[in-house]
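The values are calculated or read from the model by the stated rules, or taken from the named source; none is laboratory data. These numbers come from a predicted model, not from an experiment. Positions of Cβ are backbone-derived with ideal geometry, glycine not excepted, and every protein chain shown enters the neighbour counts. Just so you know, the surface numbers come from the protein's heavy atoms only, side chains and all, with ligands and any DNA or RNA stripped out. Shrake-Rupley method; radii C 1.70, N 1.55, O 1.52, S 1.80 Å.
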Amino acid sequence: MWCLPEVVLFTVVAATSMTIVHMLDFCHKADSECQIQDIFLSGQQSRAQIINSRWNASVLNLIQNLDHFRVSNEKLKGAFPIDEVQGNAVRTVKNCIFSESSPTPLKGPLRLAAVSKDVLEGLLDLDMAVTQSEDFLLYISGGQRLPGSQPLAHRYGGHQFGYWAGQLGDGRAHLLGQYTNRKGDTWELQLKGSGKTPYSRSGDGRAVIRSSLREFLGSEAMHFLGVPTSRAASFVVSDEPVLRDQFYDGNVRAERGAVVLRLAKSWFRIGSLEILSHSGELDLLRKLLDFVIEEHFPSIKSDHSDKYLAFYSRVVNDTAHLIAQWTSVGFAHGVCNTDNFSLVSITIDYGPFGFMDSYNPGFVPNTSDDEGRYSVGRQAGVGFFNLDKLLDALRPLLTAGQQQAAERVLKGYADIYKARIHQLFKAKLGLLGDDVEDDDIIALLLQVMEDTQADFPMTFRQLSEASAPQLHNRNFTQAWALEDLSSHGLFADWLSMYLQRLSRQSHDQDATRQARMKGVNPRYVLRNWMAESAIRKAEMNDFSEVALLHRILSLPFITQSSAEEAGYAARPPRWAQRLKVSCSS
Ligand code: AMP
Ligand code: MG
């Protein structure tokens, strides 16, 4: 059912004991908010109170003057050899991890289309007042260097759509520097769409409004859904014309350049290691691996003889968990190439991604993906492919015995994924403990959903919102997704299995079950039509819908009146079915 190769079903690498609550990063920050998900927020005031309450303890001493905000690439530059060639001329680069490269300022008046208060205050220690300054706009669009910044472009390669593509690299991204915040967390700040680098190949180094808006909102929405992801601090639009053939049909149009300031703990990818292995730069491969392990896998000891194997096991485990989380929220990345798969197992490089409306394992968000290689149901299998490529990259550093052990670890990937997906879907259905029927309950529901083209997020949400008596009486007047589902001949059987299963949870209250389910089943996800509607307005310099979506998607598990008015939990409009998203960005 999950399109995983069934042959890879043995060595059990135990799934970690990560619970559903841990999955929800948002709930970490605001436990009390998660207890009150029933609240129907009546307006801006109460929402603002909730958001502000997160930061009450930390708003003091935020940086108000950008001259005091310093980033640095010294650590990265000290750790690795840097490309000796200067300038942004496109070239094949060898024997280094980074090239020095300066952003090219965007032309025309700049507009701050969106900014993330959560990122600015919570990760960068910046007071929102800084967003009022002209300098801020220049810093976050590549027009001026942040104090301390010596921008870099990263050299990496990758397998694209199954084939080795050679050198890729940051073709339109600049790593401005690292910032260690007052909690002691280090974040890497990167501009995307900031101009050419040595890795731009035939590209212009730019990104347009539609793709930047999608990355900004998409990554922030994923964070608040509890899925590990890069973050987005800001989104700036310009008047610089950027030519794009959006659907590769010869219809080239002048769009407008935009830049997103995005953050990750690390931007290294599977392709970062692959290129070094492919070109036989084994000392550098070892150096990069040691660096990644030391910085991001502190539990793996640097003098351990099996450290690369331990690292590989962690990436296999964490990638399985990440993709299971994607599946559980109906997210399809769209371009699961090895250059877009993070070594620290976060979601990166948002392109033609999509949240599925109707449940369909064959859902392919990217119209350029003719074969459906990266359909939502195949992502887990693609994860296996990508991890196999990672193992190939590591092989030169592993003994024969370690390679065999790593192969066994990889074979355990399917079990890790299945265990996690089972856990996640059980939580989506409010099921506690283990019951022999659980697999059947999940599988039959998904089958009925697929047959009836039931809406993925709202089916689970409405199951969470309905009381057991409502479910029993099939009282679905307020539940359009369940109404669709109930037209299926097997729905009654499924419902009775489900209700009986719930009734066996003797210590569970129905209200508790509902609250638990509402905490993992979002009422709002960034559906394509919602992003499209915001894009159309943004292209006319109206950013109100970006702000609305950004606000709403930062509380996806809480019913909000402004979201209801906008129809974000309603049946998607008919025109949504005709929408297409391509790789062009
Ligand atoms: P993506 O599909 O965005 O992950 O990009 C794949 C590769 O193409 C990466 O090396 C990107 O940096 C590069 N790339 C994509 N778009 C552009 C562009 N407009 N200009 C330069 N390089 C680009
Ligand atoms: Mg990419």
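Tabulated results
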item	result
Filter pass, Leu444 being under 30 Å from Ser305 (Cα atoms), in contact (Cβ under 8 Å) with a residue 24 or more places away in the chain and part of a helix (DSSP H, G or I)	no
Helices (runs of 4 or more DSSP H) within region 475-570 that include 1 or more residues among the polar types (S, T, N, Q)	491-503, 510-518, 528-538, 544-553, 561-565
Single condition Thr186 does not satisfy, out of (1) under 27 Å from Leu548 (Cα atoms); (2) of a type outside the set (Phe, Trp, Tyr); (3) in contact with a strand residue (DSSP E or B) (Cβ under 7 Å, 6 or more places away or on another chain)	(1)
Residue, farthest from ligand 1 (Cβ to nearest atom), within region 200-246, restricted to residues that are among the hydroxyl-bearing types (Ser, Thr, Tyr) and either more than 19 Å from Ser584 (Cα to Cα) or under 23 Å from the mean Cα position of the chain (by Cα) (or both)	Ser234
Count of residues meeting criterion [over 11 Å from Leu431 (Cα atoms) and either outside the structural domain of Ala443 (by TED's automatic domain parsing) or not polar (S, T, N, Q) (or both)] in region 493-505	4
In region 309-326, the residues that are small (Gly, Ala, Ser) and open to solvent by 10 Å² or more (accessible area, probe 1.4 Å)	Ala310, Ser313
In region 160-173, the residues that are over 20 Å from the mean Cα position of the chain (by Cα), part of a strand (DSSP E or B) and within 13 Å of ligand 1 (Cβ to nearest atom)	Ala165, Gly166, Gln167
Positions within region 87-136 being outside any loop (DSSP other than H, G, I, E, B), hydrophobic (A, V, I, L, M, F, W, C) and surrounded by fewer than 19 Cβ atoms within 10 Å (Cβ to Cβ), in sequence order	Leu112, Met128, Ala129
Residue in region 493-502 that is farther than 20 Å from Val448 by Cβ and open to solvent by 10 Å² or more (accessible area, probe 1.4 Å) present	no
Glu134 closer than 19 Å to Asp67 by Cα and in contact (Cβ under 8 Å) with a residue 40 or more places away in the chain	no
First in region 535-550 and under 10 Å from Ile209 (Cβ atoms), second anywhere and modelled with pLDDT under 95 and surrounded by 15 or more Cβ atoms within 10 Å (Cβ to Cβ), Cβ under 7 Å, 6 or more apart	none
Test set (1) surrounded by 14 or more Cβ atoms within 10 Å (Cβ to Cβ); (2) over 18 Å from Leu189 (Cα atoms); (3) of a type outside the set (A, V, I, L, M, F, W, C) - Glu84 fails condition number	(1)
Residue check, Phe341 within 16 Å of ligand 1 (Cβ to nearest atom) and not polar (S, T, N, Q)	yes
Single condition Lys183 does not satisfy, out of (1) farther than 19 Å from Arg70 by Cβ; (2) without any contact (Cβ under 8 Å) to a residue 60 or more places away in the chain; (3) open to solvent by 40 Å² or more (accessible area, probe 1.4 Å)	(1)
Residue within region 511-523 that is free of Cβ contacts under 8 Å to residues at least 60 places away in the same chain and over 24 Å from the mean Cα position of the chain (by Cα) present	yes
Selected residue (only one of Gly362, Gly377 is open to solvent by 30 Å² or more (accessible area, probe 1.4 Å), at negative phi and either away from ligand 1 (no atom under 16 Å from the Cβ) or modelled with pLDDT of 95 or more (or both))	Gly362
Region 221-230: number of residues that are away from ligand 2 (no atom under 15 Å from the Cβ) and buried (at least 24 other Cβ atoms within 10 Å of the Cβ)	4
One residue from Gly218, Gly171, Gly195, Gly205 being within 16 Å of ligand 2 (Cβ to nearest atom) and at positive phi	Gly205
Members of region 391-420 that are closer than 17 Å to Ala310 by Cβ and among the small types (Gly, Ala, Ser)	Ala393, Gly401, Ala405, Ala406, Gly412
Hits in region 70-81 - residues which are more than 16 Å from Gln190 (Cβ to Cβ), part of a loop (DSSP other than H, G, I, E, B) and open to solvent by less than 50 Å² (accessible area, probe 1.4 Å)	Phe80
Yes/no for Gln500 being more than 27 Å from His333 (Cβ to Cβ) and in contact (Cβ under 8 Å) with a residue 60 or more places away in the chain	no
Elements of type helices (runs of 4 or more DSSP H) in region 269-345, at least 3 residues being within 16 Å of ligand 2 (Cβ to nearest atom)	270-278
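Residues are listed down the side, and each one gets a yes or a no for (1) touching a residue at least 60 places away in the same chain (Cβ under 8 Å); (2) within 16 Å of ligand 1 (Cβ to nearest atom); (3) surrounded by fewer than 21 Cβ atoms within 10 Å (Cβ to Cβ):
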residue	(1), (2), (3)
Tyr248	yes, yes, yes
Gly257	yes, yes, no
Leu273	yes, yes, no
Leu282	yes, no, yes
Lys307	no, no, yes
Ser328	yes, no, no
Phe331	yes, no, no
